[in-house]
Amino acid sequence: MKKLLENLPEKLKDLIYQAKALGEENNLPVYLVGGFVRDLFLGVENLDLDIVVEGDGIKFAQDLASKLKAKIIRHKQFGTATLILEPQTKIDIATSRKEYYPEPAHLPVVSPGRLKDDLFRRDFTINAMAIDIGKNFGELIDLFGGKRDLEQKKIRIMHVLSFQDDPTRILRAVRFEKRYNFKIEPLTLRCLKEAVKKKMLEVIQAQRLRDELILILKEKYPLKPIMRLKELTGFKFLHPHLNITKKTYGLLKSIEKEINWFKKNYPQRRTLDSWLIYLMGLLDALSIEDTEIVCKRFVFRRGEEKRILSYKNIKKSFIKELSSNKIKPKKIFCLLEPLSYEVIILLKAKYKNLNLQRNIQDYFEIYNGMKIYISGKDLRKLGVLPGPYYQKIFTKTLEAKLNGKIKTKEQELMFIKKIILKK
Ligand code: CTP
């Protein structure tokens, strides 16, 4: 293991050695755990260090934060803290703990425990290994056959009630299976199906499920886990009326293509919330009312809900107008400018009409964000008195600009002078 640690990028290695030094100063056993250890074995880059301390994890986190001059977020009720180092790098630090679930699908009761307890409470064997970064620096602690399962590409739960204790693990099993091209092993699969049959996904707090679903939709290739989840759950946990059909699959494929198109052609524009486009694609067949129910139940953020519903509320007449080959640039601008990029990409994925495709392309290419240079100050200089007339001038100028009649500030001025003279 030591060798794998030595081969890490300098920045990460330095963080690990700082944690090691702090552990030694305080005589505390400190371990790397969870996804970081898994990815270290797989040779997959992972910038989220996950550390468990046999002792006061919060105090350790505070000391490490001041040593590293990092921002710290404490989660006192769980005895955990997160250190934010850069937008890309963070360290999760926890007191090693025992958990027990007084009721299935509810949050566990947590108490301090040994490292072994902490590893046993985890979701899958491949996520339940630790590396000592204290006295026996670099020693692997693999009590549940995690390394063997990694080598045999298996997702295996730690005990048969795992999915009932925490049904979000159903989504996690699928996510890891498809991300690493592993297989959920037979007993684990049986337990997973049993938990689905018992409707455990309907019992769990919806926000927790939402967060795991978002993680699936944020995967590099979300279609694979989406289809596996359809096979195992039918997605009924999202809404009982939801039916993922061949048509939905076709739409999701098309969304994937359009997201790639956008990223390739407009890398400088704001980053897309791709996951939200996939979600809207999944919910496509639901009625507006049912979609509203999903948004409320899963408590999507306001901005997310707004985008989802703005798509749902698009009328047939809107699509008809956008599919016309005689549409004026001003109209394209008026139709699309109020919508989010996510909704526009989804429209492009869903409607294959060639005019609509071209109009959306033109929008991104030419009209999106178009503004005029002229301001109220310029109009005052031209002797126009402030009032509602200003807005009329601005609109006309923008229209002329969208139609390609004028481009530069000088041309805008000339254009406005003509309007004023005509009045
Ligand atoms: N974990 C768990 N049960 C859950 C969530 C998390 O047992 N429902 C444990 C796993 O050991 C996991 C660790 O907490 O490895 C960290 O969780 P998280 O950061 O969500 O996942 P990672 O394994 O780091 O995976 P990813 O690469 O997707 O971040």
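Computed from label points 7 Å out along Cα-Cβ, the spacing between LEU354 and SER287 is 3.8 nm.
Between the helical axis of 186-197 and the longest alpha-carbon principal axis of the chain there is an angle of about 60 degrees. So, in Å, what gap is there between the alpha-carbon centers of the stretch 385-423 and the stretch 69-121? First find each Cα centre; the distance between them is then 60 Å. The trypsin sites (Lys or Arg not before Pro) of the stretch 125-155 that DSSP puts in a loop, and whose beta carbon has at most 14 other beta carbons within 10 Å, are LYS135, LYS153. By the rule of a C-alpha distance below 19 Å, with chain neighbours fewer than 8 residues away ignored, the aspartates and glutamates paired with LYS422 are ASP378, GLU399, GLU410, GLU412. Phi angles across the stretch 295-301 convert, under the Karplus curve 6.51 cos²θ - 1.76 cosθ + 1.60 with θ = phi - 60°, into 3J(HN,Hα) values of 4, 5, 4, 8, 6, 5, 5 Hz, Gly and Pro given as x.
Using the Cα centre of the stretch 179-334 as origin and beta-carbon charges of +1 (Lys, Arg) and -1 (Asp, Glu), tell me which of PHE298, TYR180, LEU322 is placed farthest towards the positive end of the dipole. Toward the positive end, the furthest listed residue is LEU322.
Average accessible surface for the chain: 52 Å² per residue, computed with a 1.4 Å probe over protein heavy atoms with every protein chain in place. If the segment from LEU382 to GLU194 were pulled out straight at 0.36 nm per residue, it would be longer than the present Cα-Cα gap by 60.1 nm.
Would you mind getting the Kirkwood hydrodynamic radius of the chain from its Cα pairs, rounded to one decimal in Å? Can you show the working numbers first?
Numbers: mean 1/r = 0.0396 Å⁻¹.
Taking the inverse mean of 1/r over all distinct Cα pairs, the chain comes out at 25.2 Å.
Computed from label points 7 Å out along Cα-Cβ, the spacing between GLU231 and GLU365 is 4.1 nm.
When the chain is described by a simple charge dipole with +1 on each Lys and Arg Cβ and -1 on each Asp and Glu Cβ, the residue from LEU347, PRO9, LEU209 located farthest towards its positive end is LEU347. Any chance you could check the Cα centroid distance between the stretch 129-144 and the stretch 247-294 for me, in angstrom? If you average the Cα positions of each part, the centres end up 42 Å apart. Inter-label distance, TYR180 to VAL299: 3.1 nm, where each label sits 7 Å from its Cα along the C-beta direction. Once C-alpha pairs closer than 8 Å and six or more residues apart are averaged by separation and normalised to the residue number of the chain, the relative contact order reads 9 percent. Nearest 0.05, what FRET efficiency do TYR17 and ILE84 give at R0 = 25 Å with Cβ-Cβ as r? Step by step, r from the Cβ atoms, then E = 0.80. Only helices enter this figure: runs of n ≥ 4 DSSP H residues, each worth -39500 (n - 2.57), summed and divided by the residues of the chain, yield -16000 deg cm²/dmol at 222 nm to the nearest 500.
With both bridge residues required to lie in the stretch 93-185, what share of the DSSP beta bridges run antiparallel, to the nearest 5%? Please list the in-between numbers first.
Numbers: 7 of 9 bridges.
Rounded to the nearest five, the antiparallel share is 80 percent.
Express the carbon and sulfur contribution to the solvent-accessible surface of the chain as a percent, rounded to the nearest whole number, probe 1.4 angstrom.
Working: 11900 of 22100 Å².
Of all accessible area on the chain, carbon and sulfur atoms account for 54 percent.
Scanning residues 5 or more positions from ARG97 or on other chains, those with amide H under 5 Å from its amide H are GLY113, ASP118, with H placed 1.01 Å from N in the peptide plane. Against the main long axis of the alpha-carbon atoms of the chain, helix 302-312 sits at an angle near 60°. Debye calculation, C-alpha points only, no solvent: report log10 I(q)/I(0) for the stretch 284-416 at q = 0.20 Å⁻¹, in the same order as the q values. So the normalised log intensities work out to -1.09. Using the structure shown, select from LYS352/LYS401; LYS246/LYS316; LYS257/LYS312; LYS371/LYS418 the pairs with a Cα to Cα distance greater than 25 angstrom. Over 25 Å apart, Cα to Cα: LYS352/LYS401.
Could you state the angle between the C-alpha long axis of helix 223-233 and the longest principal axis of the C-alpha atoms of the chain, as a value from 0 to 90 degrees rounded to the nearest 10? Computed tilt is about 60 degrees. Loop-located trypsin sites (Lys or Arg not before Pro) across the stretch 235-308 with a Cβ neighbour count of 11 or fewer within 10 Å are ARG270, ARG301, with loop assigned by DSSP.
The values are calculated or read from the model by the stated rules, or taken from the named source; none is laboratory data. This structure is a prediction, so every number in the text was calculated from the model and none was measured. Quick reminder, even Gly has a Cβ in these numbers, built from the backbone with ideal geometry, and neighbours come from all protein chains shown. These accessible areas exclude ligands, DNA and RNA; they are computed on the full protein's heavy atoms, side chains included. Shrake-Rupley method; radii C 1.70, N 1.55, O 1.52, S 1.80 Å.
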